[in-house]
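The values are calculated or read from the model by the stated rules, or taken from the named source; none is laboratory data. This one's a predicted model, so the numbers in the text were calculated from it and none came from an experiment. Cβ: placed from backbone, ideal geometry, glycine included. Neighbour counts: every protein chain shown. The accessibility values were calculated without ligands, DNA or RNA, using every heavy atom of the protein model including side chains. Shrake-Rupley method; radii C 1.70, N 1.55, O 1.52, S 1.80 Å.
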Amino acid sequence: MDKDHGRIETRELWCVPTDPKTMGLAGVAQVARIHSHAQLVRQGKVIKESDETRFAVSSYGSEEAAPERLLQIGRDHWSIENGQHYRRDRTQDEDRCPVRETTAARNLSLFRSLAIFLFKRQSANKGGKKSLPDFQSHVHRKPWEMICRFTQARHEE
């Protein structure tokens, strides 16, 4: 139960262990169902109530993350998801990636993270691209600039 910002929220979680082969999803270890009941309170009176059920998958096994920990992870996830969702899903179309093999999926995720890191690093420079889509389009049109940036530093060492 949480009481914050004029809301009283009660969350319940049910989880079951699973495996990547059963789910067809690389790295999955648990599936969870989270039911949330929220009350919006103003001046001591409930003015609105809502019920919501969400489903989640986790790479943490039950020995790594008990239900209480999964609830906290779910809560923390949304602060990160809200900040990263547009970049990773809208710009890089990550949610539609068909790769299911664990190592390949992790490698693609690392490359997406690298793209975001490189974008942030260059955006502070004069003449740097100010949006991730512009940066990615530029690198796609002129990949040798990026390749030379990495290889030139190695040759000078």
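Values as computed for the structure displayed
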{"quantity": "The chain: relative contact order in percent, alpha carbon pairs under 8 Å with at least 6 residues between", "calculated": "15"}
{"quantity": "Other-chain or far-sequence residues with amide H under 5 Å of residue 60's (modelled H)", "calculated": "29, 30"}
{"quantity": "DSSP H segments from the chain that extend 27 Å or more along their own axis, Cα-based, with Kyte-Doolittle mean of 0.0 or above", "calculated": "102-123"}
{"quantity": "Close Lys-Lys pairs in the chain, where close means Cα under 14 Å and separation is 8 or more or interchain", "calculated": "4"}
{"quantity": "Segment 11-157, Rg to Rh (Cα coordinates; Rh as Kirkwood inverse mean 1/r)", "calculated": "1.11"}
{"quantity": "Around residue 125: net Lys/Arg minus Asp/Glu count, Cβ-Cβ under 15 Å", "calculated": "+4"}
{"quantity": "Segment residue 52-residue 4, length gained on full extension (0.36 nm per residue, minus Cα span)", "calculated": "15.5 nm"}
{"quantity": "Spacing of the two label points (7 Å from each Cα toward its C-beta) at residue 142 and residue 89, in nm", "calculated": "3.3"}
{"quantity": "Residue among 25, 71, 110 with the largest mean-square fluctuation in a Gaussian network model of the chain, springs linking Cα atoms under 10 Å", "calculated": "110"}
{"quantity": "Accessible surface of the chain [probe 1.4 Å, protein heavy atoms]: carbon and sulfur percent", "calculated": "53"}
{"quantity": "Average accessible area per residue (Å²) across the chain - probe 1.4 Å, nucleic acids and ligands excluded", "calculated": "75"}
